[in-house]
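> My questions all concern the structure below.
The values are calculated or read from the model by the stated rules, or taken from the named source; none is laboratory data. Note that the structure is a prediction, hence the values are computed from the model and not measured. In this analysis, Cβ positions are derived from the backbone assuming ideal geometry, glycine residues included, and neighbour counts consider all displayed protein chains. Areas reflect the complete protein model, heavy atoms only, side chains present, ligands, DNA and RNA absent. Shrake-Rupley method; radii C 1.70, N 1.55, O 1.52, S 1.80 Å.
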Amino acid sequence: MHIMVVLRLVADLGGDIEIAHGGKDIDREWVDLKLNEFDDHALEEAIFLKEIVGAKVTAIMIDGDGVERSLQTALARGADEARRIAVDDTDGPISSRAMTPVVAAAAAELGADLVLTGVQSPEDIFGQLAPSLGAVLGWPQASAVSSVKPDDGSTITVQQEYSGGVSAAIRLPLPAVLGVQTASRPIRYVTGSKLRQAMAEEIPRIEATAAVAMPDVEIVELRVPDEAGGAVMLDGDADAIADEILRLLADRALLQVC
Amino acid sequence: MTTLLIAEHDNGSLKEPTARALTAALAIGGDVQVLVAGKDCGAAAAEAARLAGVTKVLHAESDALAHQLAEPLAALIVALAAPYDAIVAAATSTGKNTMPRVAALLDVMQVSDVTGVVAADTFERPIYAGNAIETVQSPEAKRVLTVRSSAFKAAEAGGAAAVEPVDAAAAVAAGSAFVGAEIARLERPELTSARIVVSGGRAFQSAENFRKYLEPLADKLGAAIGASRAAVDAGYAPNDYQVGQTGKVVAPDLYIACGISGAIQHLAGMKDAKVIVAINKDPDAPIFQVADYGLVGDVFTLLPEFEKAL
Ligand SMILES: Cc1cc2nc3c(=O)[nH]c(=O)nc-3n(C[C@H](O)[C@H](O)[C@H](O)COP(=O)(O)OP(=O)(O)OC[C@H]3O[C@@H](n4cnc5c(N)ncnc54)[C@H](O)[C@@H]3O)c2cc1C
C-alpha cells in the first residue's frame, strides 16, 4: 500500500480576525501559519497504518512559506518521503477545491493507492478536498473517518461518523480517498533529535502537472459578525433565577419541562 | 429557474435538515423539486411531497442507494442534473460526503455552508472556522449549494406535490459497501436538532460529576447534552457531545453553558443559539460576552438548586 497524505498550512487566527483593506480577505500580514489540525490526524493515521501493515507513506504539500519545515516534521514523524508541489501564478493561498486537480495528478504520478487528508480546514469548513479528489480520480471516498483498518490488501474498512452519535463501517476498494476526522490513536510528537535529523533533509520540489482550478465563485465581501453586547446578569436565589429562566422559556413557547 | 433539493432521510422518514434546506431553496426563487433517493423510501418521498412549496418529488429506488453512499448518490444526481439551475442539499454528514463529489463531477465550484441567501446567485457563508462571514457570488450556470440547516427555519407541511418515479440506473455502487452501523441509542434529543441544549465544560472535574449534575437538568428540560472540548478531552463526556469548531454546530432555542469559559472555538459551535444562558464562577469569563443571561456562581451548588426549582 502506498499512502499519500495531503497536508495544508492554514492561518493561525486565534480569536482575532482582521479584515484586509478592500474587505475581501483577512489581513495576512501578521498571520502565522500552522498545520491544519485534521491533516495532522491524517498523517498520524497514515503512520499508524504503516506500522501495522507496512505501507509506504508520502507526504505532499503545495509549496509555499513554511512548507519545507512542515514536511521535514512529517518525515521525522515517520513519513518515508515528502514532496512539495510547485504551482505557479498563485496569488495568495490556494483553496482546497482549487488544489484538487494538482493533488489528484500527484496521486496518480506517485502511484498512491490510498490518499488521506483532513476532513476539513478552517478555510474549508465543509471539507471539499476528499470528496472532490474522489470525483476527479474516479475513486471511492469517505469523509469524517475516525479509523482505518486494512482488510486483505485490496480493501479497507473505515469508521465513518454521522451526526447524532451514529457511525457506520464502510468497506472501500483501493484505490480510495479518505477525509480523516481523528486518527485511531493520539498524535505522537517527535523527539528533538529526530527532528534535528529531519531538518537536514532537503525536500524535493516537483512541478505540478495539472493547473489549479480557477475560482469561479467571487467574494463580494468578508466581514466579522457583530459582537453581542454581553449578558444580562441574573442574581438572587436559585428559585428566583429558576423562575426567571422559566419565564424566558415560556415567553418563547419553549416550556416542555418533563 | 428550477432547483433540485436533495432530501436527507432514513428511507422511512425525512430528516429535519431537509425541511430547513427547503426554506433556503425556496429563497433562491423559482420551482423547487426534491430528490428522494434510497431503498424502500416511498414513505420519505410522500413526506417530501407534503412540504409546502415543493412542486415535484423525484423518487429513486435502488439497492445501491440504501445507505446514501457518496458514489452512487453523486452519480445519480449528476445524471439528473441537466434541467436544474441549482442543486441544494443540507450541509449534513451525507451532504458533506456527496455534494463536493457532485460539484467536481459537474466541474463547478460548490458554495458550501450557506447561511443566507442574498440573491439567486449571491450567498452568505461562514469561513475561518465561523469567525467571519463571506458573501460570495456564483456566476455558474449550474450552482451546487450546501446549506447550514440551523440557519434556516423548517418549511411547514401543507403541500401536495406529485411523486414521480425516476430511473435510478445511474446509481451504480462504485465498490464501497456499507458494512454496518453503530448507533448510539439516544434517549434524549439529538444534539444538532434539539431545541434546548445543556452543555458542560471542564468545571465538572469528572465524568461522574458531568452526568450527576447535568443529566437531571437535561431530563427535566427535555434537552440534549453538549460539552466543551476540554470536557471531552478529559473524558468527562463522549466525543459526539462536543460543540464547537471541531465538534457540532448547534443553534437551539436555548443553550445553557455550565462551567464553560467561552473559547472562540466553542463559540463557533453555539453562538447562533437564540438564547444563551451561561453559568460560571468567574464574572469575567468570555462566555458572558455572548450570553444573553449570565449567572455567576458554582455549578455544583447552582445546578441542583436550579433543577429542583424547575
Ligand atoms: C483547533 C482547535 C479547535 C478547537 N475546537 C473546539 C471545539 O470544537 N469545541 C470546544 O469547546 N473547544 C474547542 N477547542 C478548545 C478551546 O480552545 C478551549 O480550550 C475549550 O473550549 C475550553 O473548554 P472549557 O470552557 O470547558 O474549559 P476552560 O477554558 O478550562 O473553562 C472552564 C470554565 O469553568 C469555570 N469554572 C470552573 N469551575 C467552576 C465551577 N465549580 N462552577 C462554575 N464555573 C466553574 C471557569 O471559570 C472557566 O471559565 C479547540 C481548540 C483548538 C486549538
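> In segment B:294-310, what residues are of a type outside the set (Asp, Glu) and within 18 Å of B:Leu214 (Cβ to Cβ)?
If the condition is that a residue be of a type outside the set (Asp, Glu) and within 18 Å of B:Leu214 (Cβ to Cβ), then B:Leu295, B:Gly297, B:Val299, B:Phe300, B:Thr301, B:Leu302, B:Leu303, B:Pro304, B:Phe306, B:Lys308, B:Ala309, B:Leu310 are the ones that fit.
> So, one more: Residue under question is B:Ala174, and the condition is that it be modelled with pLDDT of 85 or more and in contact with a helix residue (DSSP H, G or I) (Cβ under 9 Å, 6 or more places away or on another chain); does it hold?
Criteria not met by B:Ala174.
> Mind checking whether some residue in segment B:83-91 is touching a residue at least 12 places away in the same chain (Cβ under 8 Å), within 30 Å of B:Ala263 (Cβ to Cβ) and not basic (Lys, Arg)?
Within segment B:83-91, one or more residues are touching a residue at least 12 places away in the same chain (Cβ under 8 Å), within 30 Å of B:Ala263 (Cβ to Cβ) and not basic (Lys, Arg).
> Does at least one position in segment B:33-49 carry a residue that is over 18 Å from A:Pro131 (Cα atoms), among the polar types (S, T, N, Q) and not in a loop (DSSP other than H, G, I, E, B)?
So far as segment B:33-49 goes, yes, one or more of its residues are over 18 Å from A:Pro131 (Cα atoms), among the polar types (S, T, N, Q) and not in a loop (DSSP other than H, G, I, E, B).
> Scan the strands (runs of 3 or more DSSP E) fully inside segment B:228-310 and keep the ones with 2 or more residues being more than 12 Å from the ligand (Cβ to nearest atom), over 26 Å from B:Ala91 (Cβ atoms) and without any contact (Cβ under 8 Å) to a residue 12 or more places away in the chain.
Here the list is empty.
> Identify, from the list B:Leu221, B:Leu191, the residue that is in contact (Cβ under 8 Å) with a residue 40 or more places away in the chain, within 12 Å of chain A (Cβ to nearest Cβ) and either more than 30 Å from B:Thr115 (Cα to Cα) or away from the ligand (no atom under 13 Å from the Cβ) (or both).
Being in contact (Cβ under 8 Å) with a residue 40 or more places away in the chain, within 12 Å of chain A (Cβ to nearest Cβ) and either more than 30 Å from B:Thr115 (Cα to Cα) or away from the ligand (no atom under 13 Å from the Cβ) (or both) holds for just one of B:Leu221, B:Leu191, which is B:Leu221.
> Could you tell me how many of the residues in segment A:122-140 are open to solvent by less than 30 Å² (accessible area, probe 1.4 Å) and in contact with a Ser or Thr (Cβ under 8 Å, 6 or more places away or on another chain)?
11
> Can you tell me which residue is nearest to B:Ala25 (Cα to Cα) among those in segment B:42-85 that are touching a helix residue (DSSP H, G or I) at 6+ places or on another chain (Cβ under 8 Å) and polar (S, T, N, Q)?
Residue satisfying both the conditions and the ranking: B:Gln68.
> Okay, moving on. May I ask you to list the residues in segment A:150-169 that are within 9 Å of chain B (Cβ to nearest Cβ) and within 26 Å of A:Ala105 (Cβ to Cβ)?
The one that is within 9 Å of chain B (Cβ to nearest Cβ) and within 26 Å of A:Ala105 (Cβ to Cβ): A:Thr155.
> Filter segment B:227-279 down to the residues that are within 27 Å of A:Leu234 (Cα to Cα) and among the charged types (D, E, K, R), then identify the one that is nearest to the other protein chains (Cβ to nearest Cβ).
B:Asp253
> Give just the number: which of (1) modelled with pLDDT under 90; (2) facing chain A (nearest Cβ under 8 Å); (3) open to solvent by less than 10 Å² (accessible area, probe 1.4 Å) does B:Ala103 not satisfy?
(1) is the only condition that B:Ala103 fails.
> Could you check, for segment B:97-109, whether at least one of its residues is under 23 Å from A:Leu13 (Cα atoms) and within 17 Å of the chain's Cα centre (by Cα)?
no
> A follow-up question, please. Being open to solvent by less than 20 Å² (accessible area, probe 1.4 Å) and in the same structural domain as B:Val34 (by TED's automatic domain parsing) narrows it down to one residue among B:Ile77, B:Ile133; which is it?
One residue alone meets the criteria, B:Ile77.
> Can you confirm whether segment A:214-221 contains a residue that is at pLDDT below 80, over 27 Å from the mean Cα position of the chain (by Cα), in a loop (DSSP other than H, G, I, E, B) and within 10 Å of chain B (Cβ to nearest Cβ)?
No - not one qualifying residue is present in segment A:214-221.
> Which number in (1) more than 8 Å from chain A (Cβ to nearest Cβ); (2) more than 9 Å from the ligand (Cβ to nearest atom) marks the one condition that B:Ile196 misses?
(1)
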